[in-house]
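What follows is a single structure, written as structure tokens, with notes after it.
We did not get these values from a lab; they are worked out from the coordinates using the rules stated. From a predicted model like this one, the values you see are computed outputs, not experimental measurements. Cβ sites come from the backbone with ideal geometry, for glycine too, and all protein chains shown count toward neighbours.
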Amino acid sequence: MAKPTRPGAGNSKKKGAMKGTGGHGRKSLEGKGPTPKAEDRAWHVAGKRKAAAERYAAAGGRGKPGQRPPQGSNPNRSGRSKSDDTETVTGRNSVLEALRARIPATALYIAQRVEMDDRVKEMLAIATHREISVLEVTRPELDRMAGIDGVHQGVALKVPPYEYAHPQDLLEQVVDRGQVPLLVALDGVTDPRNLGAIIRSTAAFGGQGVIVPQRRSAGVNSAAWKTSAGAAARIPVAVAANLTTTLKEFKKQGVFILGLDGGGDVSLPALQLADRPVVIVVGSEGKGLSRLVTETCDQIVSIPISASTESLNAGIAASVALYQVATLRSAPPA
């Protein structure tokens, strides 16, 4: 019985000279040369990183090809990654405010047979002056662009991803303008419509900016733009890599941190710190303020509400608190 061999192994019992392979066997033993470095393999993670770094350097960034772009090299210093996708701003007020604020829009979409009120006329005038493409589309197409919950009112605007500020830059700019800081920080608010409502209230009651954490937070997307009614074009939103650390740094610079919570030890009407530099911290829709943020606050402030109502929506709570601070600041001294 023949002895079993490995598949493909020679098992010839012939003796004498055999026909040569022409060197193929020797070549197969020589292999294909040394294994390329990881960074030279286009499909490898290191290779993709090298290609990205080379594109970054070619675009004018710092660093040598093959190196990762330095941390914090983004001029926004936000820490929040930016998508290459554009955002769609819908609604007449939001679109008009974005155009007035000279957001670098790429296209203005107008529904066929749209009602031409003063806002639409101003949009067209601004778009024409800035050479922004104006495209007439069907209402079903605008419905698709606006999404399920979107209300476009016959207009939409394509804008680049939102550029976030850095919290420290935001505070310094307010102080440099000679203003008393009134900022709002969101602790785990994940609904972009709440974020948009808070941005709008911040603008309405004299606030200068909003701070959101890098993780577990809503961002400024099309829903936030829409709910802000265009205020997102005027009120900067900053991203904090760590909200607790940012609030502690603000405290060192003389800013008072006020957390909103139904079980607070200070009633909002009795607030004594309204005329000071303050950050109003609003907790998440479900859990409220986190433990670390609560421990960082100088005061926990409660909003008096009817016993039949369990709590307030995050956007409404922020609006009430901002209104109270604005009222106290505008009141004549006793």
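Quick notes on this structure:
- Of all DSSP bridge pairs formed entirely within region 171-294, close to 5 percent run antiparallel.
- Per-peptide average of other Cβ atoms within 10 Å, ordering 101-112, 125-136, 229-240, 253-264 highest first: 229-240, 253-264, 101-112, 125-136
- Cross-link table Lys251/Lys287; Lys158/Lys251; Lys121/Lys158; Lys158/Lys287, entries beyond 29 Å C-alpha to C-alpha: Lys158/Lys251; Lys158/Lys287
- On a per residue basis, the convex hull of the C-alpha atoms belonging to region 269-334 measures out at 101 Å³.
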